[in-house]
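Structure, as structure tokens:
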Amino acid sequence: MRIDDIKEGKSYVRRLNATYFRTVEMIVDAPSRPGGKLVAWSTEGFAVANRAAKMYGKCGIKTFAAWARAEAE
């Protein structure tokens, strides 16, 4: 996706028919991050090593845009 397409409060998937999505919680300026902004995201029900819970992460907006392929519906 394009960096300009990433918005707070929206959810994104890596591929269609994905089993989970990531919701953008916050976007803040961070010159040291790829794309100059930091994206804080969360996802629910994502199982990692038999754990299913709310997961959190953060990355540069350029990295997030490269991961996101489409907005979740």
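Each value in this text was obtained by applying a stated rule to the coordinates, not by laboratory testing. As the structure is a computational prediction, the values presented were derived from the model and not from experiment. Note that each Cβ is placed from the backbone with ideal geometry, even for glycine, and that neighbours are counted across all protein chains shown.
What does the charge count around Leu38 come to, taking other residues whose C-beta lies under 10 Å from its C-beta (Lys +1, Arg +1, Asp -1, Glu -1)? Counting the neighbours of Leu38, the net charge comes to +2. Under a model in which nothing but the beta-carbon of Lys, Arg (+1) and Asp, Glu (-1) is charged, the chain shows a dipole of about 260 debye around its Cα centre. Mean-square fluctuation check for the chain, GNM, Cα pairs under 10 Å: which of Arg33, Arg14, Arg22 is largest? Looking only at Arg33, Arg14, Arg22, the largest GNM fluctuation is found for Arg33. Within the same chain, lysines fewer than 8 places from Lys7 are excluded, and of the rest, those with a Cα less than 17 Å from its Cα are Lys37, Lys58, Lys62.
Taking every alpha-carbon pair under 8 Å whose residues sit at least 6 apart, the chain reaches a relative contact order of 36 percent.
By the equivalent-ellipsoid construction on the alpha carbon gyration tensor, the chain comes out with semi-axes of 21, 14, 10 Å, ordered largest to smallest. Springs between Cα atoms under 10 Å define the GNM used for the chain, and in it the highest mean-square fluctuation of Ala30, Ala18, Ala40 occurs at Ala18.
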